[in-house]
Each structure stands twice: as C-alpha cells, then as structure tokens.
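Step one of this worksheet: look at the structure below.
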Amino acid sequence: MTLNSTVAQVTDRIIARSRPTRTAYLERMARAVAAGPARSHLTCGNQAHAYAAMGGDKAALADARAPNLGIVTAYNDMLSAHQPFETFPALIKDAVRKAGGTAQVAGGVPAMCDGVTQGQTGMELSLFSRDVIALAAGVALSHNTFDAAVFLGVCDKIVPGLVMAAASFGHIPAVFLPAGPMTSGLPNDEKAKVRQQFAAGEVGRDKLMEAEMASYHGPGTCTFYGTANSNQMLMEFMGLHLPGASFVNPNTPLRDALTAAGAERAIAITALGNDFRPASQVLDEKAFVNGIVGLMATGGSTNLVLHLPAMARAAGIILDIDDFAALSAVTPLMAKVYPNGLADVNHFHAAGGLGFMIGELLDAGLLHPDTTTVAGDGLAHYTKEPKLQGDHVEWHDGAGKSLNDKILRPAHDAFQPSGGLKSLEGNLGRGVIKTSAVAPERHVIEAKARVFHDQEDVKAAFRAGEFTEDTVVIVRFQGPRANGMPELHSLTPTLAVLQDRGLKVALVTDGRMSGASGKVPAAIHVCPEAAMGGPLAKLRDGDLVRLDAGAGTLEVLEDGFETRAPVTADLSANGQGLGRELFEVFRQNVGLATEGAATVV
C-alpha cells in the first residue's frame, strides 16, 4: 500500500526540522558504538566492584565475551502496575543465563501513581518525575558495563522517562518489558457514575470507596485506556516491545514467557552478534510518526502529546503539536475503549487488539512499514500475536478481523474518520483538545469565562451553586513553571455534572488532564502559561471565550484584550511541602508544554 501523503509530508517536515539535532545525535551514538561498553577495559578494581555479588556469573562477566544485560526497573509494591516486576529480575537472569549471557539489575527508578496523587499536593511532582526517571536510569546505565538494557516500566511518566534514557544511551539496544493490565473489575462506566453521584452529593463516601476498590482490585495496570495503557500501545507501534506483549495479564504463563523472550531477544541484538539493533536506530523519525498514528487510532491519552516531544528530543528529533493534529486528521478512530467507550483494555485485546490495528493501518498506508524494531525489520512483525508453546513463545498470524465491532473496527469502517485530537491556536495561545469522547454538538463552546487559580476553588463554586449558565471554566497558573503542571482530572466529575444538567461547559487551562478525562471539552497545555505572563493571565470573569475544536481556534472575543496587563499570582506556596522544595530548579528551568515541558532534554 502506498504511504498516505499526509503521513509522508509530516514525516518529511519532521526530518527537515530535526536535521541539525538528529545528525549531531547520531554522530554521538556512532562514537559510543565504536568505543563499546567499557567492561573489557575496566581496571581490575573496577571489575571487582562490578561483579562482587554476582556469584556463579563472575567468570563470564570478567571474560567479557558473553553479552551482559542491564535491568532498569520501576518495581515497587504500592502500585498495582509495577508490583508484578518484583519477580522479573530473577526470571530475566535465568533466561539470559540459559541463552549464554549474564544480567544485572543496573538500578531502580521511582514510579509514582497519578491515581494516588490525583487532586493532591503530590501531583505537583508528577510531571517532573519523568525527568527524574530519565536521570535515574541514566545513572543506572552510567557504569557502562552493559551490552543491552531492558526497561521494566508501565505507567504515566515512567515509560516516557525510560524512553528518554534509552535514547540517551542509544548506542546499545533497549527492550521494554511490560507487566500487563489487571483483570477486569467493576466496569468503568459504573465507577464513573458513582463518582458523579458523589460529586452531586447523591451517595456517601462509603459507596464511592466501594466502587473504587471494586474497579482497582489487583496486580497490573488500571484497565481504562489512560496514559499507562497508551504507553504500552506506543511501545508496540514504535517497535520497542515484543509483538503482542502489551496487554497480557500479569502472573500468567504467557506473561512470564514473554518476559523471558524479551530478555533473550535483548542479548541477541547486541553488537556482539550479527543482528545489532541499537535504540538509536529504532527511535527514528518514522517510529515517532508511527507512535503518533497509533495514539490517534486508539483515542489515546493527551498526556502523550506532552511526553512524545520530550522523548523525541532525547533522540535529536523535534516534534510540534501541529504534527499531531495533521496526523490525527487522516487517522481513523478504530477503537472504543473507556473513556471513549464502555470496553476496557482486556476486552480490546480479546477483540483483536494492537495486532489487528497495526495490520489495518499498514494496509491503509497510514504507518511506515519499513521501521527498525527490536523484533526485526519492518512493522509487519507486530501484526502477529504470541502463543504459548510449552514453556516458550511463538508468534502466529492473528485473527485478521475484529472479533467485536463495538470495540474495534477496521480502518475503512472506523468509529470516526479522524483521531479526535486537534491543535488549538488563537489570542489565548496554543494548546490541544481531545474530542474523541466529546459529543459533536459540544465541539464549539462560546460562553462567559469564570477564572480560577486553583481546582479546589472550582469545586467550591460548584458546591455553592454558582454555575447557572453556560460557562468556560478557566483554571490558570497550573503550568509547569507555576506548580509542576498537575493533572486536573478531579474536575471531570464536577464539570460532567454541569454538562448533564444541560449547561454547555468547557475547561481551558495551562495544566493537564488525564487520559481518563472524557466527555467535557477541555483545551489543555495552553502556552505560554500564565506564570510566564501568557494570555491566560489577562482573562477576567465575564470575558466571552470561544473554543472551536473544528476550526482549531481558542479565542477571547473582547476588544482591547491584547493590551491588558497580565495578572500575577502568589505562587510561593507551590514551592513548599511534600518535597516540592527539591523541585524548584525544575520549575525555574522547564521548557514549554508544547515542546514537552522537559528540563533534561
């Protein structure tokens, strides 16, 4: 199939825009490949330190002829998505040892959960944790004794941070090993209904707690299609997972066999063999375009619009939000997974999942087929699905069709003709909006503004009955420089109640919304942010604001708006408590949200 002209044009302009930085990056990687891991060049004292606790593997490590695999893990046992990683290192070491190599846990990285910190002070550290993860993984790999690395991570900031590190150490191969989603619990729409009932005062906290615990109930990723599961999709579309690895449940024979196969594959593609696949070759412009197409086709999290530019910059590639919008416009929405539908990721996987989608998109000319992946040359590898044969994995052709067209449809008969993400631009700045879960009649909202500096003030105004007419809710001073750009997902039930009462409402913010946000139109990541004196800081209560997702505009319709002086806010409290003091250097040096809101790339 001929490559879609828009996909080709977007790829070409990314390549042209990135040429200076990408060229410099590849030159650095080539020098690092030529130098090789320093294991064989370490002093005896260096090596003794590196191998002291390795028992029977010491001789193989010292000989330096067998590949040595570095394990970077985000394991902790307070987060369901990462708890299964507890057993992975032993399994990986055993698989690698049987394949003639060695493996060491190079280091751990933090993994915080937005579900725990949602609406809490700790959420202000969430975005910056991505850069901390990149730094921590960099420290883990800095010993320069590894021929390849495997990365154990799943959730929101963890995978983007690990990819940034993998790109920075792109002279060695990188394989990402997921843990998989938890089994299905209370349906997501029932959980959302209870949340709205609680927000409206119709049920008590006991019923809310009961519903939440029934939904989040065991090991594995949350089953809605938020940022964590969008990350897993991305790793397959970009060729960093083994095919079909994303949505296999934890603690199952197939999950363990995929983990072992991933470790074996990692040592098979080092520079010591004949199939060298360094991460710098996998993470090219085409891979990022494929990832964006996957994001749009699945209706994935808007958080990836923030993370992908940062991930790309680590590989010398410059993405712009207009790239996302252009690819979204030609990519059909093929999946309906909560919050875009009633199904969860287990249902999606059973219906044909990523293998079916990738096959359809390849046939439609919407993906680059000729990418380098950890599985081999060409994305066609990812149309196959893993099957357990004894104690090992084999890949076979998938069903080739959707097994449930209420969840998953072919590209020619999609749920929507486009992916539902638009870039916005106007006299309020630049931002993005995800419309895949928003009813078409709500794609244009024109109403008076109510301006807030804190999401709790929005909820207080709601409880006081102050929202009685169509309203554009402005929540400003929520950008990365102001307070670390926390997600404002806890506003979703409140705004949804207003919408269900018949009001037209929208949210406009320089903050973030979760991939689990939903049916309320939200213009997010608005730049420049209010803390930088951006246009949002000029808004006043009662200003007429128009958000037009179809036209891609975000405007205030008031004469003389541009000449107003921006307001300032006392942000001193944002730098104190729960470790926020430690992140002042991040707030002072962070880049624009449209460029990834990063401090380390």
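When ARG17 is evaluated against the numbered criteria (1) open to solvent by 80 Å² or more (accessible area, probe 1.4 Å); (2) over 26 Å from the mean Cα position of the chain (by Cα), which criterion, by number, is the only one it fails?
(2)
Tell me, which residue of the range 215-246 that is closer than 17 Å to MET78 by Cβ and surrounded by fewer than 24 Cβ atoms within 10 Å (Cβ to Cβ) is modelled with the lowest pLDDT?
For the range 215-246, the residue satisfying everything is TYR216.
Can we say ALA565 is at pLDDT below 95 and either open to solvent by 60 Å² or more (accessible area, probe 1.4 Å) or farther than 29 Å from THR117 by Cα (or both)?
no
Anything in the range 81-107 that is over 30 Å from GLY575 (Cα atoms) and crowded, with 20+ Cβ neighbours inside 10 Å? List them, or say none.
PRO84, PHE85, PHE88, ILE92, LYS93, ALA95, VAL96, GLY101, THR102, ALA103, GLN104, ALA106
Considering only the range 163-199, state which residues are within 30 Å of ARG39 (Cβ to Cβ), assigned to a helix (DSSP H, G or I) and either charged (D, E, K, R) or open to solvent by 40 Å² or more (accessible area, probe 1.4 Å) (or both).
Result: SER168, single match.
Got at least one residue in the range 145-155 being more than 28 Å from GLY244 (Cβ to Cβ) and part of a loop (DSSP other than H, G, I, E, B)?
Yes, the range 145-155 has at least one match.
Of the residues GLU236, GLU264, only one is more than 16 Å from VAL154 (Cβ to Cβ), of a type in the set (Asp, Glu) and assigned to a helix (DSSP H, G or I); which?
Selected residue: GLU264, the only one of GLU236, GLU264 that is more than 16 Å from VAL154 (Cβ to Cβ), of a type in the set (Asp, Glu) and assigned to a helix (DSSP H, G or I).
In the range 129-144, what residues are assigned to a helix (DSSP H, G or I), out of contact with any strand residue (DSSP E or B) (no Cβ under 7 Å at 6 or more places or on another chain) and open to solvent by 10 Å² or more (accessible area, probe 1.4 Å)?
Across the range 129-144, the qualifying residues are SER129, VAL132, ALA134, LEU135, GLY138.
Within the range 150-162, can one find any residue that is over 18 Å from MET311 (Cβ atoms) and either surrounded by fewer than 24 Cβ atoms within 10 Å (Cβ to Cβ) or in contact with a Cys (Cβ under 8 Å, 6 or more places away or on another chain) (or both)?
Among the residues of the range 150-162, not one is over 18 Å from MET311 (Cβ atoms) and either surrounded by fewer than 24 Cβ atoms within 10 Å (Cβ to Cβ) or in contact with a Cys (Cβ under 8 Å, 6 or more places away or on another chain) (or both), which makes the answer no.
Check the range 108-115 and report whether any residue there is in contact with a strand residue (DSSP E or B) (Cβ under 7 Å, 6 or more places away or on another chain), free of Cβ contacts under 8 Å to residues at least 60 places away in the same chain and either open to solvent by less than 10 Å² (accessible area, probe 1.4 Å) or in a loop (DSSP other than H, G, I, E, B) (or both).
Scanning the range 108-115, I find at least one residue that is in contact with a strand residue (DSSP E or B) (Cβ under 7 Å, 6 or more places away or on another chain), free of Cβ contacts under 8 Å to residues at least 60 places away in the same chain and either open to solvent by less than 10 Å² (accessible area, probe 1.4 Å) or in a loop (DSSP other than H, G, I, E, B) (or both), so the answer is yes.
What are the residues in the range 281-315 that are within 26 Å of LEU69 (Cα to Cα), more than 17 Å from the chain's Cα centre (by Cα) and open to solvent by 10 Å² or more (accessible area, probe 1.4 Å), if any?
Once the filter is applied, which keeps residues that are within 26 Å of LEU69 (Cα to Cα), more than 17 Å from the chain's Cα centre (by Cα) and open to solvent by 10 Å² or more (accessible area, probe 1.4 Å), the range 281-315 yields GLN281, ASP284.
List the residue pairs whose Cβ atoms are under 6 Å apart, where the first residue sits in the range 135-154 and is farther than 22 Å from TYR51 by Cβ, the second is assigned to a strand (DSSP E or B) and not hydroxyl-bearing (Ser, Thr, Tyr), and the two are 6 or more positions apart or on different chains.
PHE151/VAL72; PHE151/PHE176
Show the residue pairs that are 6+ apart or on different chains and have beta-carbon atoms under 7 Å apart, the first residue being within the range 31-50 and under 21 Å from THR270 (Cα atoms) and open to solvent by less than 40 Å² (accessible area, probe 1.4 Å), the second being of a type in the set (A, V, I, L, M) and modelled with pLDDT of 85 or more.
What qualifies is GLY36/ALA271.
Identify all residues within the range 388-413 that are open to solvent by 60 Å² or more (accessible area, probe 1.4 Å) and either within 19 Å of VAL293 (Cα to Cα) or without any contact (Cβ under 8 Å) to a residue 40 or more places away in the chain (or both); write none if there are none.
GLN389, GLY390, GLU394, HIS396, ASP397, ASP405, ARG409, HIS412, ASP413
Any residue at all in the range 54-64 that's in a helix (DSSP H, G or I), modelled with pLDDT under 75, among the basic types (Lys, Arg) and over 22 Å from ALA166 (Cα atoms)?
yes
Have a look at ARG540, ARG501, ARG481 and point out the one that is open to solvent by 10 Å² or more (accessible area, probe 1.4 Å) and under 25 Å from the mean Cα position of the chain (by Cα).
On inspection, the qualifying residue turns out to be ARG481.
Before we move on, is THR259 surrounded by fewer than 24 Cβ atoms within 10 Å (Cβ to Cβ), hydroxyl-bearing (Ser, Thr, Tyr) and either more than 18 Å from the chain's Cα centre (by Cα) or not in a loop (DSSP other than H, G, I, E, B) (or both)?
In short, no.
The values are calculated or read from the model by the stated rules, or taken from the named source; none is laboratory data. A quick note: this is a predicted structure, and the numbers were derived from the prediction, not measured. Every residue, glycine as well, gets a Cβ built from its backbone with ideal geometry; the counts of neighbours run over all protein chains shown. We work out accessible area using only protein heavy atoms, side chains counted, and drop any ligands, DNA or RNA first. Shrake-Rupley method; radii C 1.70, N 1.55, O 1.52, S 1.80 Å.
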